[in-house]
Amino acid sequence: RKKQYTFMIIGIVLAMVFSSGVLFFASCLNSSMDEMMKSAFGIQDAIMLNADEDVIKEAKEENLITDYGFAHIVGFAYTDEKGKNNGTSVAYLDDKAKELSYISFIEGGYPETGNEIALEKAALSRLGIDAKIGDTLTLSVLTQNGSELMSDPVEKSYKLVGIAKNKRSNLMNSYGYNNNAIPAAFVKQGTQTEIGGKESLFCYFNCNSGLNNFYEQ
């Protein structure tokens, strides 16, 4: 009987260890999947192009949304006149937008001075740029003017300080926005448009009671 009890206790212990291992594995898998989703899409519920700041603030006051952040689009950058569709919107993110967009960097980080830029890896490829951190990039930039772009490009030189993981293509496929809507190039916080331009707001936000209720309101 002592042997039987011993084997029974060993069996119980092994079962407990196995169960704990399964739970731990499931927890790790769930955490990994959650991190992958955040990395691919961000932690916002939705995004809005050409957002109206007053409308967003009112929605927050009415408790339709819980939090929000803005990408301030200041222009559109490209390298080849014939291949403008390979360009990208240029923006700076406020602190909340950085949190919600959950942009992560392969190398470097966000710009800290006015002559610096960070781009998603895919954006560099589309622009035909083979560059590493510290290199100088020369881009043609169309100034943002509200929901439109001004027609005359300005040539600008930037120091590449960050290469971000690809996110724009995931958001495009998920939300259905066109190629130019979602920024994949980032400049220093507070960057102004060129004279005569007006920034456009791209909003990342979380809803309090579902997207349908938000858009109905």
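Residue check: is Ser151 closer than 18 Å to Ser200 by Cβ and in a loop (DSSP other than H, G, I, E, B)?
Details: closer than 18 Å to Ser200 by Cβ: yes; in a loop (DSSP other than H, G, I, E, B): yes.
Answer is yes for this residue.
Do we have Val74 as under 14 Å from Asn180 (Cα atoms) and touching an Asp or Glu at 6+ places or on another chain (Cβ under 6 Å) here? Walk me through it before giving the result.
On the way: under 14 Å from Asn180 (Cα atoms): yes; touching an Asp or Glu at 6+ places or on another chain (Cβ under 6 Å): yes.
Yes, satisfied.
Only one of Leu142, Leu124 is in a strand (DSSP E or B), more than 13 Å from the chain's Cα centre (by Cα) and not charged (D, E, K, R). Can you tell me which? Walk me through how you get there before you give the answer.
Working: Leu124 fails: in a strand (DSSP E or B).
After ruling out the rest, the residue left standing is Leu142.
On the basis of being surrounded by fewer than 16 Cβ atoms within 10 Å (Cβ to Cβ), among the hydrophobic types (A, V, I, L, M, F, W, C) and within 16 Å of the chain's Cα centre (by Cα), does Ile106 make the cut? Break it down stepwise before answering.
Values: surrounded by fewer than 16 Cβ atoms within 10 Å (Cβ to Cβ): yes; among the hydrophobic types (A, V, I, L, M, F, W, C): yes; within 16 Å of the chain's Cα centre (by Cα): yes.
Considered against the rule, which asks whether it is surrounded by fewer than 16 Cβ atoms within 10 Å (Cβ to Cβ), among the hydrophobic types (A, V, I, L, M, F, W, C) and within 16 Å of the chain's Cα centre (by Cα), Ile106 comes out as yes.
Is it the case, given these coordinates, that Ile56 is at pLDDT 90 or above and assigned to a strand (DSSP E or B)?
Details: at pLDDT 90 or above: yes; assigned to a strand (DSSP E or B): no.
No: the conditions fail for Ile56.
Lys132 is checked against (1) closer than 16 Å to Gly109 by Cβ; (2) in a strand (DSSP E or B) and fails just one. What number does that condition carry?
(2)
For residues that are in contact with a Phe, Trp or Tyr (Cβ under 9 Å, 6 or more places away or on another chain), assigned to a loop (DSSP other than H, G, I, E, B) and not hydroxyl-bearing (Ser, Thr, Tyr), scanning just the stretch 86-113, find the one that is nearest to Glu35 (Cα to Cα). Talk me through it step by step, then tell me what you get.
Start the filter on the stretch 86-113 by keeping residues that are in contact with a Phe, Trp or Tyr (Cβ under 9 Å, 6 or more places away or on another chain), which leaves 86-94, 96-103, 110-111.
Next, from what is left, pick out any that are assigned to a loop (DSSP other than H, G, I, E, B): 87, 94, 102-103, 110-111.
In the following step, the residues that additionally are not hydroxyl-bearing (Ser, Thr, Tyr) were identified as 87, 94, 103, 111.
Values: Gly87: 28, Asp94: 22, Ile103: 12, Pro111: 24 Å.
Out of the qualifying residues, it is Ile103.
Rundown of residues vs (1) surrounded by fewer than 18 Cβ atoms within 10 Å (Cβ to Cβ); (2) of a type in the set (Gly, Ala, Ser), yes/no style:
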{"site": "Ser151", "(1), (2)": "yes, yes"}
{"site": "Lys167", "(1), (2)": "no, no"}
{"site": "Asn170", "(1), (2)": "yes, no"}
{"site": "Val187", "(1), (2)": "no, no"}
{"site": "Asn206", "(1), (2)": "yes, no"}
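The values are calculated or read from the model by the stated rules, or taken from the named source; none is laboratory data. These numbers come from a predicted model, not from an experiment. Cβ atoms come from the backbone with ideal geometry, glycine included; neighbour counts cover every protein chain shown.
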